[in-house]
Amino acid sequence: MDKNTSKREYGCPVEAAIDIIGGKWKPVILWHIRDKPLRFNEIRLILPNITQGMLTRQLRELEADHVINRKVFAEVPPRVEYSLTSFGKTVIPILDDLCEWGKTYLKMNPGEHTKIDVCPEKIRLLQNRVNSDSDQSP
């Protein structure tokens, strides 16, 4: 079923929640825009393995589901920022719990996973780097 053109039917609220914020990229995107708005290329730097097309699609779906805002600034070159809506901010405690659950899982099986390096310092460095470059957002 195409979620953009058809009425969605769910068997339970968890199914609805997973449809809206589930998948490989949406929770991670939401995690990174939880504290401050980010531009398209800032998100791409933080998530280097996501393609431009996939990021665009995920952002559009989150916007259509009223989880994020897309703010276009009347500037040249164009600037677009993504932030959580009031409704989107209600997912922050869920993301916090999911993060803690993930940490517990990783500690249970330390040899089975690669090191996770998403510390706030690294993110700030990446954001500072992209802020010095021009940003062209779809």
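Structure data summary
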| item | result |
| --- | --- |
| Cα gyration tensor, segment 28-84 - rounded (a/c under 1.5), prolate or oblate | rounded |
| Per-pair calculated FRET efficiency, R0 = 30 Å: GLU75 and LYS7 via Cβ, rounded to 0.05 | 0.20 |
| Nitroxide proxy distance, nm - points 7 Å out along Cα→Cβ at LYS36 and TYR105 | 3.0 nm |
| Gyration tensor verdict on segment 1-57 (Cα atoms; rounded if a/c is under 1.5, prolate if a/b is larger than b/c, oblate otherwise) | prolate |
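Each value in this text was obtained by applying a stated rule to the coordinates, not by laboratory testing. Bear in mind that the values here come from a model prediction, so they are computed numbers and not experimental data. Here the Cβ is made from the backbone with ideal geometry for all residues, glycine too, and neighbour counts use every protein chain on show.
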